[in-house]
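The values are calculated or read from the model by the stated rules, or taken from the named source; none is laboratory data. Given the structure is predicted, the values throughout are model-derived calculations rather than measurements. As a convention, Cβ positions derive from the backbone with ideal geometry for all residues, glycine included, and neighbour counts pool all protein chains shown.
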Amino acid sequence: MRFAKTFTPIAVAVGALLAVAPLASRADTVVKIGFAAPLTGPNASYGKDLENGVKMALDDAKAQGIKINGQPVSFQLVAEDDQADPRVGVQVAQKLVDEGVSVVVGHFNSGTTIPASDLYEKAGLPVIDPAATNPVISGRGYKNVFMVISSDAQNAGTAGAYAVTTTKAKRIAVIDDRTTFGQGEADEFVKAVKAHGGDIIDREYTTNQATDFKTQLTNLKSKNPDLIFVGALNPQAAGIMKQMNQLGLKAQYVGGGVKDVDFIKLAENVSEGAMAWEYGRPLDSTPVGAKFAERFKQKFGEDVLSYAPFGYDAAWTAIKAMQAANSTKPDDYRAKLQSISFDGITGHIEFNANGLAEERLVHAVSGQERPVGNGQDGERPVS
């Protein structure tokens with residue numbers, strides 16, 4: 001009797017394990033998707049916007065029942081706050097590598113993305129950049145770095161050419177915040193202006209912590225510019241626009257990466273007339289973009305700020321490459337990333353030899369967005 005009492009629980013336990021085993025074998029394979037951006041601090045709104053775009057992509061993949069190599073997969077977002085700090089960015093990058101993520105979507109700031117991508121390259125982990133634009137990112141010959149957004153050479157370079165050839169500005173000034181992004185944009189803008197025969201009459205500098213720009217703007221006003229290019233993000237970009245108005249500085253304002261609801265909110269009524277060069281195509285220019293904006297608002301209770309569509313496209317770029325390779329291992333799907341070609345929310349995604357997607361550019365005047373060609377697709381500015 002003692003034996004029977006002892007045997008019965010064991011038999012029940014074995015039977016339970018056998019019953020559970022088939023269910024475990026059918027469980028989804030968990031695929032970790034790394035994400036890094038500033039989720040705290042002055043750039044947190046941009047980072048959260050990006051993160052929401054990635055979340056939306058992973059939720060859509062789940063709804064579609066995505067399979068890789070015939071097996072159902074569950075995508076798990078591993079999000080890290082890099083605080084827009086290069087030192088923290090490298091720490092976060094190492095953490096994502098140690099976590100065993102299959103890919104990283106990130107970062108946001110160029111100054112953070114550049115050192116972090118050094119680490120990803122050494123680890124053999126693909127990183128898909130949805131927001132950082134400094135040309136150094138794609139200019140080092142790395143095999144694991146991909147950009148679904150235009151570089152400053154494309155964006156600010158086109159803005160510089162446009163300022164000379166279309167706007168016909170004669171006295172062009174520049175102000176930047178000395179960050180990797182702001183200075184990088186300004187440098188490319190200046191190169192393009194000079195290459196097209198334009199004249200830079202002055203260049204002023206500020207910081208990404210400043211709130212008072214009147215000294216720099218007063219200096220610029222004394223030189224009577226007809227166009228000022230601003231290499232900075234909000235709130236500095238909007239602050240410069242607002243203080244230009246306060247000083248009676250009538251030059252055309254041109255910026256990059258600032259055309260969003262925050263700029264309009266911070267600059268208030270003086271934002272009218274600003275020109276902002278942006279990345280990708282306007283969301284409302286295509287049915288798929290308009291639908292994305294509508295779904296985003298329904299899901300998160302707020303409008304797209306700026307970069308969410310690029311976060312969405314970056315995540316889907318990784319997913320499609322994994323599907324094509326029938327594997328979530330970087331060594332298996334990397335070649336599929338290099339040859340990928342599909343239409344995303346922001347435009348066509350296809351990488352050149354440096355991992356850079358050739359994006360269409362957009363300029364916005366008085367809040368109205370108009371597509372402008374990048375010199376390769378035959379489009380011309382809409383007048």
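Would you tally the residues in the stretch 238-280 being among the β-branched types (Val, Ile, Thr), touching a residue at least 60 places away in the same chain (Cβ under 8 Å) and surrounded by fewer than 24 Cβ atoms within 10 Å (Cβ to Cβ)?
Of the residues in that region, 1 qualify.
Which residue pairs have Cβ atoms under 6 Å apart, sit 6 or more places apart or on different chains, and have a first residue in the stretch 141-167 that is farther than 14 Å from Ala195 by Cβ and a second that is surrounded by fewer than 23 Cβ atoms within 10 Å (Cβ to Cβ) and aromatic (Phe, Trp, Tyr)?
Taking only residues 6 or more apart or on different chains, the pairs are Phe146/Phe351.
Which of the residues that make up the stretch 303-339 are part of a loop (DSSP other than H, G, I, E, B), in contact (Cβ under 8 Å) with a residue 24 or more places away in the chain and out of contact with any helix residue (DSSP H, G or I) (no Cβ under 8 Å at 6 or more places or on another chain)?
Result: Lys329, single match.
Just to verify a result, which residue in the stretch 27-51, among those that are under 13 Å from the mean Cα position of the chain (by Cα) and among the charged types (D, E, K, R), is surrounded by the fewest Cβ atoms within 10 Å (Cβ to Cβ)?
Lys48
If the requirement is being of a type in the set (Lys, Arg) and surrounded by fewer than 17 Cβ atoms within 10 Å (Cβ to Cβ), which of these qualifies: Lys291, Lys221?
Result: Lys291 is the single residue among Lys291, Lys221 that is of a type in the set (Lys, Arg) and surrounded by fewer than 17 Cβ atoms within 10 Å (Cβ to Cβ).
Within the stretch 165-178, is there a residue that is of a type in the set (S, T, N, Q), outside any helix (DSSP H, G or I) and modelled with pLDDT under 95?
Yes: the stretch 165-178 contains one or more residues that are of a type in the set (S, T, N, Q), outside any helix (DSSP H, G or I) and modelled with pLDDT under 95.
Report every pair of residues separated by at least 6 positions or lying on different chains whose Cβ atoms are under 6 Å apart, first residue within the stretch 44-73 and on the phi > 0 side of the Ramachandran plot and of a type in the set (A, V, I, L, M, F, W, C), second surrounded by fewer than 22 Cβ atoms within 10 Å (Cβ to Cβ) and modelled with pLDDT of 95 or more.
Taking only residues 6 or more apart or on different chains, not a single pair turns up.
Which residues, counting only those in the stretch 225-267, are over 19 Å from Asn109 (Cβ atoms), part of a helix (DSSP H, G or I) and within 21 Å of the chain's Cα centre (by Cα)?
Val261, Ile264
Which residue is farthest from Ala161 (Cα to Cα), if the candidates are limited to the stretch 220-240 and must be modelled with pLDDT of 95 or more and out of contact with any strand residue (DSSP E or B) (no Cβ under 6 Å at 6 or more places or on another chain)?
Of everything passing the filter in the stretch 220-240, Ser222 is farthest from Ala161 (Cα to Cα).
Could you check the stretch 277-297 and list, in sequence order, the residues that are part of a helix (DSSP H, G or I), among the hydrophobic types (A, V, I, L, M, F, W, C) and under 29 Å from Gly160 (Cα atoms)?
Leu283, the sole residue that qualifies.
Please work out which residue is nearest to Leu283 (Cα to Cα), limiting yourself to the stretch 323-335 and to residues that are out of contact with any Asp or Glu (no Cβ under 8 Å at 6 or more places or on another chain) and surrounded by 18 or more Cβ atoms within 10 Å (Cβ to Cβ).
Result: Gln323.
Determine, yes or no, whether Gly100 is out of contact with any helix residue (DSSP H, G or I) (no Cβ under 7 Å at 6 or more places or on another chain) and touching a residue at least 60 places away in the same chain (Cβ under 8 Å).
yes
From Phe300, Phe342, Phe296, which residue is in contact with a helix residue (DSSP H, G or I) (Cβ under 9 Å, 6 or more places away or on another chain), surrounded by 18 or more Cβ atoms within 10 Å (Cβ to Cβ), assigned by TED's automatic domain parsing to the domain that holds Ala37 and of a type outside the set (Val, Ile, Thr)? I'd like the intermediate steps shown before the answer.
Values: Phe300 fails: surrounded by 18 or more Cβ atoms within 10 Å (Cβ to Cβ); Phe342 fails: surrounded by 18 or more Cβ atoms within 10 Å (Cβ to Cβ).
The match here is Phe296.
Which one of the conditions (1) modelled with pLDDT under 85; (2) part of a loop (DSSP other than H, G, I, E, B); (3) hydrophobic (A, V, I, L, M, F, W, C) does Val270 fail to meet, given that it meets all the rest?
In the conditions (1) modelled with pLDDT under 85; (2) part of a loop (DSSP other than H, G, I, E, B); (3) hydrophobic (A, V, I, L, M, F, W, C), Val270 misses (2) alone.
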